[in-house]
Amino acid sequence: MSYLKAQINPHFLFNTLNSIYALTIIKSDEAPNAVLKLSSMMRYVVTESSQDFVPLSKEIEYINDYITLQKLRMNNDVNFSFNFVGNETGKVIAPLILIPFIENAFKYGLNPDEESEIKIELVVLDFNLTLVVKNKMVVDEISKDLKTETGIENTKKHLEYLYPKKYLLEITEIENDYIVSLNINLD
């Protein structure tokens, strides 16, 4: 379990550092905030991910920070939305259980040469959490070391271990759309 939980995508880290570097070159006011977001994310991965469960509010903050940093590399042509509906107060979740699906959307759904679309919706009603991630598949070729099939398989194992018979995961490919729907009973 420790191995499954202690993963962070090094390519995300390197891409984020490159984006922050670009911001510093142009002396953007966004650079300090980006460094703080990355620092917060690294702290979360190092400290919180060693626990079986964390407050849902911390996991959502991690997701927000991740999305903010990913937006640094988006151009204006990306049709992007992230919606959160519900109340996370008093709820806990396994750390880093949602992020692999969101990472995949950015990895396979952003291409500066094609119309890109990423839609993420997170809904928490009572103790039921639903994550829906939809992206157009606009990246055809990804090198073998960047592929995340292992990450998704590890996440499935993690879900089965921590939420046996309390989750439903559906992954669908329809033409150029990739859709992940995850429902977890947090009770």
What are the pairs, 6+ residues apart or on separate chains, where a residue within the stretch 92-119 that is closer than 19 Å to R73 by Cβ and among the aliphatic types (A, V, I, L, M) has its Cβ under 6 Å from a residue that is part of a helix (DSSP H, G or I) and open to solvent by less than 10 Å² (accessible area, probe 1.4 Å)?
I118/A105; I118/G109
Exactly one condition in (1) under 12 Å from the mean Cα position of the chain (by Cα); (2) touching a residue at least 60 places away in the same chain (Cβ under 8 Å) is not met by F127; state its number.
(1)
Applying the selection to the stretch 84-95, what residues are open to solvent by 20 Å² or more (accessible area, probe 1.4 Å) and of a type in the set (A, V, I, L, M)?
V85, V92
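Per-residue answers, yes or no, for (1) surrounded by fewer than 20 Cβ atoms within 10 Å (Cβ to Cβ); (2) of a type outside the set (S, T, N, Q); (3) within 30 Å of V138 (Cα to Cα); (4) at pLDDT below 90:
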| position | (1), (2), (3), (4) |
| --- | --- |
| F12 | yes, yes, yes, yes |
| I20 | no, yes, yes, yes |
| T24 | yes, no, yes, no |
| P32 | yes, yes, no, no |
| V45 | yes, yes, yes, yes |
| L110 | no, yes, yes, yes |
Considering only the stretch 22-137, give the helices (runs of 4 or more DSSP H) lying wholly within it that have at least 3 residues that are among the small types (G, A, S) and on the phi < 0 side of the Ramachandran plot.
30-47
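The values are calculated or read from the model by the stated rules, or taken from the named source; none is laboratory data. Computed from a predicted model, the values in this text were never measured in an experiment. All Cβ positions, even for glycine, are placed from backbone atoms using ideal geometry, and neighbour counts span all protein chains on display. We work out accessible area using only protein heavy atoms, side chains counted, and drop any ligands, DNA or RNA first. Shrake-Rupley method; radii C 1.70, N 1.55, O 1.52, S 1.80 Å.
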